[in-house]
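Can you read through this structure? Questions will come right after.
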Amino acid sequence: MSKNEKTILYRIYERFSEISNFAIKNKIPRIFVSDISSSLFCEWRKILEIKHGKVETEEMILGTKIHEEYFAYELESLDELEKIISRGETIGLTTKVGFIWEEKNQDLKVMISGEPDLMIFSENKLRKIVELKTRKTYEIFSSDILQLGIYALCIEKMTGENLKDLLLEIRVKVVADNLKEFSQNFYYKDIRDGILDELKSSLDFWLGKREPKIPTSKNICLSCYFREICNRKLV
Ligand code: SF4
């Protein structure tokens, strides 16, 4: 890397600002990565959330508190961070990511954006993206993998880099077990195609091209906070 060449962090940061300004100027709607992943098991729940407001469970409140403590790092200036990354040192931080999705043969555009919990840079490369979840059980869901995969897709689209070695890590803190932690890793290259298919299918719902899906399993409805008022519940 030459002295004046910008790091991947700088390119992500700069590109996000360009894309975001373009979206604002051209009135392109924005969809958050967390909304796409959280609608994976029931899209109808998103309609109820928009109508009645989001319900905050105890687990969610605790999750927010843990997030604030866990990721309470002080961000230095971008120039300082650039120097650290250029020296090849390992550093964890986060920044917003996103890209504009264009529907082929249609005039439909949407900005997909979000912010991973943690991005680990080392030896001048982005090595890993981490997402932290607070749960009652030691479980990882396909929606977690979808969320991390879309973040990786955003970075791939923003930088044009092949992210075949990028690791995605889901860390789960278990509320019922003194906040013990376990984690699982995936390589982006192994899940990339599946993520693209899921995203395309989800955007059909978000862009109003089809009816919202409801769950395929009764268990999803059993743990849903809208069950009392939902007229599409399975149980
Ligand atoms: S009760 Fe079931 S169908 Fe209704 S919003 Fe909740 S998960 Fe979806």
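Taken together, the values in this text are just the output of simple stated rules run on the coordinates, not laboratory data. Bear in mind the structure is a predicted one, so any value in this text is a computation, not a measurement. Glycine also receives a Cβ, built like all others from the backbone with ideal geometry; neighbour counts cover every protein chain displayed.
Subtract the Cα-Cα distance of M60 and V235 from 0.36 nm times their separation in residues, and report this length gain in nm to one decimal. Numbers along the way, then the final one.
Details: separation 175, 0.36 × 175 = 63.00 nm, distance 2.37 nm.
Gain in length upon complete extension: 60.6 nm.
Next question. With a/c under 1.5 counting as rounded, go ahead and sort the stretch 91-161 into rounded, prolate or oblate using the C-alpha gyration tensor (a ≥ b ≥ c being the square roots of the eigenvalues; past the cut-off, prolate if a/b is larger than b/c, else oblate).
Values: a/c = 2.66, a/b = 1.32, b/c = 2.02.
Oblate, since a/c reaches 1.5 and b/c is not below a/b.
Run through the DSSP bridge list for the chain and note the antiparallel percent, rounded to the nearest 5. Can you show the working numbers first?
Working: 22 of 33 bridges.
Counting DSSP beta bridges with both partners in the chain, the antiparallel share is about 65 percent.
Which pairs in the list K189/K209; K25/K164; K46/K200; K164/K200 are over 24 Å apart, alpha-carbon to alpha-carbon? List each step's numbers first, then the result.
On the way: K189/K209 29 Å; K25/K164 33 Å; K46/K200 17 Å; K164/K200 21 Å.
Violating the 24 Å limit, Cα to Cα: K189/K209; K25/K164.
Just want to confirm a number: the relative contact order over the stretch 8-208, from Cα pairs under 8 angstrom separated by 6+ residues, in percent. Can you show the working numbers first?
Working: 298 pairs, mean separation 44.5, N = 201.
The value is 22 percent.
Using only the alpha-carbon atoms, how far is helix 58-70 inclined from the longest principal axis of the chain? Give it as 0 to 90 degrees, nearest 10.
The two axes meet at around 10 degrees.
With N denoting the number of residues in the chain, provide Rg(C-alpha) divided by 2.2 N^0.38 Å, to two decimal places.
Numbers: Rg = 18.8 Å, N = 235, 2.2 N^0.38 = 17.5 Å.
Cα-based Rg divided by the globular estimate yields 1.07.
If you don't mind, another one. From the helices alone, meaning DSSP H stretches of at least four residues, give me the mean residue ellipticity at 222 nm for the chain, per-run term -39500 (n - 2.57), in deg cm²/dmol to the nearest 500.
The helix contribution divided over the chain gives -13000 deg cm²/dmol.
Can you give the FRET efficiency for E103 and D193, using 1/(1 + (r/R0)^6), R0 = 22 Å, r = Cβ-Cβ distance, to the nearest 0.05?
On the way: r = 19 Å, r/R0 = 0.87.
Once rounded, the FRET efficiency stands at 0.70.
Assign unit charges at the C-beta atoms only (+1 for Lys and Arg, -1 for Asp and Glu), then state the dipole size of the stretch 1-64 relative to its Cα centre in Debye, rounded to the nearest 20. Display every interim value, and only then the final one.
Details: 11 positive and 9 negative charges, 88 e Å.
With Lys and Arg at +1 and Asp and Glu at -1, about 420 debye.
Would you please state which residues of the stretch 136-162 a label at N185 would reach in this model, taking the label point 7 Å out along Cα→Cβ and a backbone N cut-off of under 16 Å?
Flagged as within label range: none.
Identify all aspartates and glutamates with a Cα-Cα distance to K233 below 14 Å; exclude those on the same chain that are fewer than 8 residues away in sequence.
E43
Further question on the same structure: Give me the number: length gained by fully extending N26 to I214, i.e. 0.36 nm times residue separation minus the C-alpha to C-alpha distance, one decimal in nm. Walk me through the numbers on the way to the answer.
Values: separation 188, 0.36 × 188 = 67.68 nm, distance 3.29 nm.
Extra length from N26 to I214 when fully extended: 64.4 nm.
So for the stretch 44-175, taking the charge dipole from beta-carbon charges (+1 Lys/Arg, -1 Asp/Glu), which of I91, W101, S77 sits furthest toward the positive end?
W101
Across the stretch 105-235, what fraction of all alpha-carbon pairs, as a whole percent, falls in each successive 10 Å bin from zero upward?
For the stretch 105-235, the binned pair fractions read 10, 32, 34, 20, 4, 0 percent.
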